[in-house]
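Structure, as structure tokens:
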Amino acid sequence: MTTTSRSPSATNVSRRSFLEGSVALAAATAIPGGAFAAGSDRIKIGVVGCGGRGVGAALQAVAADASVVIAALGDRFADQLDAAAATLAASGDGRFASGLFHGERAAEFVIESDVDAVILATPPCYRPAEIAAAVRAGRHVYAEAPVGIDAAGVRCAAAGVEDGRRRGLSLASGLQSRHHSPTRSVVVAIAAGGIGQPLRAVAIQHIGLPWVRPHQKGWSAEDAAVRNWIGDERLSGGVFLEHLVHAVDRCSWALGEPTPLMATAIPTTIALPQPLDRRMAAAARIAFAGGATLEIDVIRREGIEDRVEETLYGRRGNADLRRCTIPGQAFAAAAGDAGGHATCMASFIESLKGGPHRDDLATACRSTMLAVMAQSAAAGGAPVAWQDLWRPSSAPPPSQPVQSSLV
């Protein structure tokens, strides 16, 4: 398959300067939102990032409604773009098209193409700038979580969300648990007093090492890093963000989303060789107004016994957020339930057709910042205050990943 590359040679722009420019432009530029409708019977979607999640989201978008067309695909790598296009074409649906862009400016060209909405599924370090650019172009946004890897990135994403709200855009996140019917049911039961007052949430994930794609001839060091982004802290944000943001979101949601106050480092639940590699093992406690806490413990280590738990402790019992149970009651999906990812995408597509508006990307900003706060406390050893993360002058300095796909 022949791909179209509209990617000139990379310019040497730092991530910090690009994020700052995106915030400034988003605040200063007033382009009307590109809502689907006005004389068209199709919803044209562009996909930025053609790995497994991007392709999966594209398939779910097409399955959600017969009017959806995948009008543009973009990825840094031509081989990944070709594989994605072939996978989508093999579905036999005939609604996969057209604009194929590879290279370091692929995201820019997808966003600027003739699309109504974009799905953002690149590594999370790129997401803040892509959200800001998509909103600036008047595109509805479906962004996977996390929405950034550090406080500066989350602030950029949040600024883009606020601009998108002013434009009336649909702004959806890939926090699929919010659309998973058993999880929704257990959270409703907790809010109704099923375990009494929620006091403490604990999220534990002890799992093996991230996947690694072996280095291939012709790859630059930067290419190899991006292809293995999940294990590179500059791109993924580290273990709290790339792997635990969904758990952090579920626990905060089940606690009633109280106001965060402070995060502090705590010991991991099992003893590990010292010095501890904070990129692969860390633990922190988040304190909320009202006294509730969230303890997060994550270890990625070869040969470790898998342990994945999310428990909410209340005055009258405990809730298991993974199994969706409270004392005396278990919640299961109804027959024919499409699952969280598919339902999450379907509601986004419905919002583009005039259905209930999606405005939950701000929730993803909040949950990502909670994970950033925990990561910062665990890595630095000193307490980190929630309010400080939202102040550019006093927040921890941003990470420095490899160059953004939008630059």
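Points to keep in mind about this one:
- When restricted to Cα atoms, segment 193-314 yields an Rg and a Dmax of 16.8, 59 Å, respectively.
- Cα-projected label distance for Ala97 with Ala224, points at 7 Å along beta-carbon direction, nm: 4.0
- Percent of C-alpha pairs per 10 Å bin, segment 93-143, short to long: 24, 58, 16, 1
- Separation between Cα centres of segment 149-165 and segment 36-115, rounded to whole Å: 24
- In a DSSP loop and with at most 14 other Cβ atoms within 10 Å, the GluC sites (Glu not before Pro) in segment 229-331 are Glu302, Glu305.
- Euclidean distance between Cα centres, segment 169-233 to segment 316-395, Å: 9
Bear in mind these aren't lab numbers, they're just calculated from the coordinates by the rules spelled out. Nothing here was measured: the structure is a model prediction, and the numbers come from that model. Here the Cβ is made from the backbone with ideal geometry for all residues, glycine too, and neighbour counts use every protein chain on show.
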